[in-house]
Amino acid sequence: MKKTNQNNSSKPLTIEQEIALIFKSLRSTLHSGMMAEMCKPSKNQSSCKGIIDVYRAEDLQKKEKNGFKIKPMERYAFYADIYNPKRIGSVAIYGDNAVYRYDLIRAQRFFFGRRIVGASVQIGLRPYVDVKLVA
């Protein structure tokens, strides 16, 4: 995977720019029949800096045509680093395959070009993988 934390001018990326690069990279790796959509966090998710949802293409088309409420297959929620709030510090990855995703991230030791400090499976309303990134 490409490094997303550097650009030509060596100026650090903002959280928004980093999420946009992750979104672009994620879209290029999706399986056929899947689509990604960037969302703004709701007001009750004040600490969340950005969300990327992955849907089945047919579900997303139904949502757009008929206004159906659909659940994403995967959701990536990005949070700022505690010590450096201008960088992404952690990512919560929601989906049905939390344990598989956990194993994959731990084996790669990188998340879209950023080294990880650690990853763990957490249980909330549904299981998710909590990925801590190197600041």
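The values are calculated or read from the model by the stated rules, or taken from the named source; none is laboratory data. Owing to the predicted nature of the structure, the values given are computational and were not obtained by experimental measurement. Heads up, the Cβs are rebuilt from the backbone with ideal geometry, glycines too, and the neighbour counts pull from every protein chain shown. For accessibility, only protein heavy atoms count, side chains too; no ligands or nucleic acids. Shrake-Rupley method; radii C 1.70, N 1.55, O 1.52, S 1.80 Å.
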Förster-model FRET efficiency, 22 Å R0, residue 121 and residue 40, C-beta, rounded to 0.05: 0.25
Output the peptides 25-38, 91-104 sorted from most to least packed, where packing is the average of other Cβ atoms within 10 Å over each peptide's residues. 91-104, 25-38
Give, in nm to one decimal, the length gained when the segment between residue 65 and residue 32 is fully stretched (0.36 nm per residue of separation minus the Cα-Cα distance). 9.8 nm
Per residue accessible area in Å² of the chain, where ligands, DNA and RNA are left out and the probe is 1.4 Å: 67 Å²
Report the extension gain between residue 109 and residue 56 in nm, rounded to one decimal, defined as 0.36 nm multiplied by the number of residues separating them, less their alpha carbon distance. 16.3 nm
Go through 43/63; 43/65; 63/132 and tell me which ones have a Cα-Cα distance over 24 Å in this structure. 43/65; 63/132
Asserting the computed 222 nm helical MRE of the chain (DSSP H runs at least 4 long, -39500 (n - 2.57) per run, divided by residue count, to nearest 500) equals -8500 deg cm²/dmol
